[in-house]
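Undergrad: The structure follows.
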Amino acid sequence: MKAAVLVFPGSNCDRDLAVALRRAGADVTMVWHKDDHLPDGVDLVAVPGGFSFGDYLRCGAIAARSPITKSLIGHVERGGYALGICNGFQVLTETGLLPGALIRNAGLKFLCKDVALKVENTDTAFTQTYTLGDEVCYPIAHHDGNYQVPDEKLAELRGEGRIAFTYKDNPNGSVGDIAGVVSRNARVLGLMPHPERAVDPVLGNTDGAAMFSALIASVVAA
Amino acid sequence: MSEPKVTEELIAKHGINADEYSEIIRILNREPNFTELGIFSAMWNEHCSYKSSKKWLRTLPTQGPQVICGPGENAGIVDIGDGQCVVFKMESHNHPSYIEPYQGAATGMGGILRDVFTMGARPIAAMNSLSFGEVTHPKTRQLVNGVVDGIGGYGNCFGVPTVGGEVRFHAAYNGNCLVNAFAAGLADTDKIFYSAASGVGMPVVYLGAKTGRDGVGGATMASAEFDDTIEEKRPTVQVGDPFTEKRLMEATLELMATGAVISIQDMGAAGLTCSAVEMGDKGGLGVRLNLDDVPQREQNMTAYEMMLSESQERMLMVLNPALEAEARAVFVKWDLDFAIVGETIAEDRFVIMHKGVCKADLPLATLSGSAPEYDRPWVETPAAAPLGDTPQIDPMEGLRALLSSPNYASKHWVYEQYDQKVMGDTMRMPGMGAGVVRVHGTNKALAFTSDVTPRYVMANPVEGGKQAVAEAYRNLISVGAIPLATTDNMNFGNPEKPEIMGQFVGAIKGISQAVSALDMPIVSGNVSLYNETDGTGILPTPTIGAVGILKDLDTIIDGVARDGHVALLLGESSDPLGGHLGQSAILAEFFNREDGDAPHVDLGAEKRHGDFILANHTLIKACTDLSDGGLAMAAFEMAEAGGVGIRLDTDETPALFGEDQARYLIACNFDEAEALMVAAGQAQVPLRSVGTFSGDEITFGAATCPLSELSEIHQTAFARQAT
């Protein structure tokens, strides 16, 4: 599988995400934000965590308007896979590829800790190796992870099974305890927790490894 | 624009005394102009010149086979094998943080990160040692919130994991908090960059953010005591931009890879002045700068302002002119300024041109090398009065007093505001002992810790200095790391007072003995003096940052205590009461007393016990050193980490709460305990069983309490009182 990891000025989990993807067997290319096209034959575009453009404006707002992001949108419109983690999730909501918005944590503080998540949908390329209702532990590290959508949209997300993960003990005030959502075709996942920080046994947590292996297996099969 | 006349009042405002001014006139053979006076004040203030401390800093052991570069450069460099090295330093940002906590702490992070990547190293770990006033003091909560927010805001955006640190509270810091920031980076040994310029007529290039008026006079401010005019000093605090710093780091590392960099220096205290003079002086060259070419953020800036600005996220470099196009392209890519602002010259002159006028023309080597050096009078700290009578206490009441003190409560409220895992190599997070970070892509790891017990240093500067190093050593040993080297951040009061200078001298002597005995040379450091408000000094606080190596990830001691494990105590007390209670945490927190002498540090025992742990690490499941709160606190923390109760046989106050040094608490199973006892007999180190881990209660002799109840106190006390 060919994956592209986008690099914005201020991205700081780009290397971590590339390491996790390569570990699962992906062929990874780093793509600079000023580039106006993705490498040929890319299956997955991954948008990493960090503070793109310093997040001095709304988190992810400027990255969503970078030249490479137009190619990302085209890739998704053609049915391609995309994964946005943390700041990457914020970028995906700013582009409109995923619904909702991420606002400041309810506690107003940056929060870095391990959290328990419940797998709410196993019918996606990202989560198919988990069992419905599985509890997994991913680290979070964000200041603006409080996911919000209007009530009618929340009902729609629930109805369409588009909530991929919920927090067991909501750390940031997200509506419906939502930690991650997928697009209607379930090929775009955005989530605040960091599965790429939970893939290496040496670091004591491998709960995120299944996401990357599942993703690669389903892309290769497709 | 006309410049102020150099008057006696102006000279005094620049922190230059009469003798120093006479020396300037002798050097120049004329009066300095306004800009030149500013440059002298920047180079000669305590913060930049170390004029009170140099004599004593020279006595520190700084050498060893592992040391690639000791003090004098931006950071120290230590060999970690396989052609790699770790580059690290600790530096204070005390005064700015007290005036403006968010920006003061943020730019403290910025400065220390720049010191590391200026040398060609990518930062991989950060720590912070913070000292605040009493939690009941009206300013403390604002400072705690602002400083922690500022460190997080900068470090999280930049993208470096925070893996350790300390937070303490004491009335002596009410008017003068301490913010000591540590950073470590990783570099290839053959790709280290230094600040010494070489070659005549080489372009001097300005990199990074634009220059504004922020921080003008900051270094001079940091070298003065505080009084009630403090609010007026707010404009001398710099403003940080971690996003620019992140880009500057990426661009600088890319630039270094092009081969275009001859030498490079970050602009820290006293900005353009200090960096240009340092590069010229180390290379035996002069420097000519044309300030018209300096990228400026504000209009109508004067030469004086540009030379003294402490705007952040800037670097100065001497460029290989053949590679100018490649170098410029890197900075265009990252949208950062790249401007040729001068050149190296053969003559020993520091020439500043602005709008066609020569604003300064000074002898460069003299400017750098002739900073005054003082042999300040000092008096030895008198021996502490003996410890008064200390009654036996209910051990659970004692433990509760410690757990509910913001000094010894869990600091998770702090650490959770820092990204601890970015870069994907964090093996041990902050909270208990040393943090551990894998060396990316290898089977090695580095361990980091920062330690000092200021109340010990106050009572006995020599033993206190030794103890700071010894505790850092033990924290590294407790995770299975071989201690490598140290950095020292010396925070003291006004050195013009002989008793304060005596604390400094004593601490240096103690640190020297300890780093020598434990083979942890000092490779970098920073001195912060004049930490006084209205004539009252802080507790002497020589913070030690230490780095150790795990040559194989498998040698890490990273387990937790489990039900059925034996609790073994390595080390012993030589106190006739069964434990040293002088200056202990229990004395301060339970009895509200600070008396007696600091515990004596037997450096031979420290080394023997450390070697024993490393030699027998495979038999040890979990290990922690005994420090504040003694055996009781170590036992509680180990039990809490493992989610299991512990029963200690003793309920004696000195045995439980004494703070004798060179001791560790070990958890292991019964077979391992037997093997360790045999090994201890052979190695002739004192090791004995003191209890067992089991159930869900903490029991000291006959006193008992559910772990969950004590843990609740430990986990919530900090946020409840200090934020």
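Undergrad: Could you list B:Arg114, A:Arg104, B:Arg428 in order of exposure, starting from the residue whose Cβ has the fewest other Cβ atoms within 10 Å?
TA: Numbers: B:Arg114 27, A:Arg104 16, B:Arg428 23.
Arranged by neighbour count, lowest to highest, B:Arg114, A:Arg104, B:Arg428 become A:Arg104, B:Arg428, B:Arg114.
Undergrad: Give me P(r) over segment B:579-651, computed from all C-alpha to C-alpha distances, binned every 5 Å, as integer percentages.
TA: 3, 13, 17, 20, 21, 16, 8, 3, 0
Undergrad: For segment B:469-565, build the charge dipole from Cβ charges (+1 Lys, Arg; -1 Asp, Glu) around the Cα centre, then report which of B:Leu476, B:Val515, B:Ile538 sits farthest towards its positive end.
TA: B:Val515
Undergrad: Can I ask one more? Taking θ as phi - 60°, what are the ³J(HN,Hα) couplings along segment B:667-680 by the Karplus curve (6.51, -1.76, 1.60), each to the nearest whole Hz, with x for Gly and Pro?
TA: The phi angles translate into 10, 6, 7, 4, 5, 5, 4, 4, 5, 5, 4, 5, 4, 5 Hz.
Undergrad: Evaluate the charge dipole of the protein assembly as shown about its Cα centre and quote only its size in Debye, nearest 20, assuming +1 on the Cβ of each Lys and Arg and -1 on the Cβ of each Asp and Glu. Numbers along the way, then the final one.
TA: Values: 72 positive and 119 negative charges, 400 e Å.
In debye, rounded to 20, the protein assembly as shown gives about 1920.
Undergrad: Next up: As a quick test, which of the pairs B:Lys55/B:Lys444; A:Lys168/B:Lys246; B:Lys191/B:Lys621; B:Lys51/B:Lys282; A:Lys113/A:Lys153; B:Lys89/B:Lys333 have an alpha carbon distance above 27 angstrom in this structure?
TA: Working: B:Lys55/B:Lys444 38 Å; A:Lys168/B:Lys246 34 Å; B:Lys191/B:Lys621 39 Å; B:Lys51/B:Lys282 19 Å; A:Lys113/A:Lys153 29 Å; B:Lys89/B:Lys333 30 Å.
In this structure, B:Lys55/B:Lys444; A:Lys168/B:Lys246; B:Lys191/B:Lys621; A:Lys113/A:Lys153; B:Lys89/B:Lys333 exceed 27 Å between Cα atoms.
Undergrad: Separate question: Using only C-alpha atoms and all pairs of different ones, pull out the Kirkwood radius for segment B:43-97 in Å with one decimal. Intermediate results must be reported in sequence, preceding the final value.
TA: Values: mean 1/r = 0.0752 Å⁻¹.
When all Cα pairs of segment B:43-97 are included, the Kirkwood radius is 13.3 Å.
Undergrad: Distance in nm between label sites at B:Glu9 and B:Asp671, each 7 Å beyond Cα in the beta-carbon direction?
TA: Each label point is offset 7 Å from its Cα along the Cβ direction, giving 8.3 nm.
Undergrad: Let me ask you something else. At q = 0.13, 0.19, 0.20 Å⁻¹, what log₁₀ I(q)/I(0) does a Debye calculation on the Cα points of segment B:344-434 give, no solvent, two decimals?
TA: Listed by q, the Debye log ratios stand at -0.84, -1.00, -1.06.
Undergrad: What is the spin-label model distance, in nm, from B:Glu31 to B:His600 if the labels are put 7 Å beyond Cα along the C-beta direction?
TA: The answer from the label model is 6.2 nm.
Undergrad: Okay, next question. How many angstrom lie between the C-alpha centres of segment A:170-210 and segment B:79-158?
TA: Answer, in whole Å: 30.
Undergrad: Show me, bin by bin at 5 Å from 0, the whole-percent P(r) of segment A:2-221 based on Cα pairs.
TA: 1, 8, 17, 22, 22, 18, 10, 3, 0
Undergrad: Here's something else I'd like to know. What is the log10 of I(q)/I(0) for segment B:539-662, computed with the Debye formula using one identical point scatterer on each Cα and no solvent, at q = 0.23 Å⁻¹?
TA: Here log10 of I(q) over I(0) equals -1.46.
Undergrad: Take the Cβ-Cβ distance between B:Ala702 and B:Thr59 as r, set R0 to 56 Å, and report the resulting FRET efficiency rounded to the nearest 0.05.
TA: Numbers: r = 51 Å, r/R0 = 0.91.
E(calc), rounded to 0.05, equals 0.65.
Undergrad: Report the full-extension gain for the segment B:Arg141 to B:Arg720: residue separation times 0.36 nm, less the Cα-Cα distance, to one decimal in nm.
TA: Stretched out fully, the B:Arg141 to B:Arg720 stretch lengthens by 207.4 nm.
Undergrad: A further question on this structure: Put a dot 7 Å past each Cα toward the Cβ at A:Ala116 and B:Asn443; how far apart are the dots in nm?
TA: 3.6 nm
Undergrad: Collect residues whose amide H, placed 1.01 Å from N in the peptide plane, falls under 5 Å from the amide H of B:Gln84; neighbours closer than 5 in sequence don't count.
TA: B:Thr189
Undergrad: Any idea which of A:Val115, A:Gly161, A:Gln148 is furthest toward the positive side of the dipole for segment A:2-221, if Lys and Arg beta-carbons carry +1 and Asp and Glu beta-carbons -1?
TA: A:Gln148
Undergrad: What would the Debye formula give as log10 I(q)/I(0) at q = 0.20 Å⁻¹ for the alpha-carbon point model of segment A:104-168, no solvent?
TA: -0.93
Undergrad: How big is the charge dipole of segment B:648-687 about its Cα centre, in debye rounded to the nearest 20, if each Lys and Arg gets +1 on its Cβ and each Asp and Glu gets -1 on its Cβ?
TA: On the way: 1 positive and 8 negative charges, 38 e Å.
Computed about the Cα centre, the dipole is about 180 debye.
Undergrad: So how compact is chain B: Cα radius of gyration and Dmax in angstrom?
TA: That works out to 25.8, 84 Å for Rg and Dmax.
Undergrad: Taking amide hydrogens as modeled 1.01 Å from N in the peptide plane, which residues meet the under 5 Å criterion relative to B:Thr692, leaving out close sequence neighbours?
TA: For B:Thr692, the qualifying residues are B:Ala567, B:Arg647.
Undergrad: For the protein assembly as shown, what does the convex hull of the Cα positions come to per residue, in cubic angstrom? Don't skip to the answer; put the middle values down first.
TA: On the way: hull volume 151.0 nm³, N = 945.
Spelled out: Cα convex hull of the protein assembly as shown, divided by residues, is 160 Å³.
Undergrad: Moving on to the next point. Would you work out the charge dipole size for chain B about its Cα centre, treating the Cβ of every Lys and Arg as +1 and the Cβ of every Asp and Glu as -1, and quote it to the nearest 20 debye? Before the final figure, lay out each step's value.
TA: Values: 52 positive and 94 negative charges, 260 e Å.
So the magnitude is around 1240 debye.
Undergrad: Arrange the following residues from fewest to most other Cβ atoms within 10 Å of their Cβ: A:Val199, B:Val163.
TA: Working: A:Val199 24, B:Val163 30.
Starting with the residue having the fewest Cβ neighbours, the order is A:Val199, B:Val163.
Undergrad: Taking the alpha-carbon set of segment A:166-222, what are its Rg and Dmax in Å?
TA: Final numbers for Rg and Dmax: 13.3, 37 Å.
Quick note: the coordinates plus some simple rules give every number you see, no bench work behind them. Predicted model only: the values in this text are computed from it and were never measured. Every residue, glycine among them, receives a Cβ derived from its backbone with ideal geometry; neighbour counts consider all protein chains shown.
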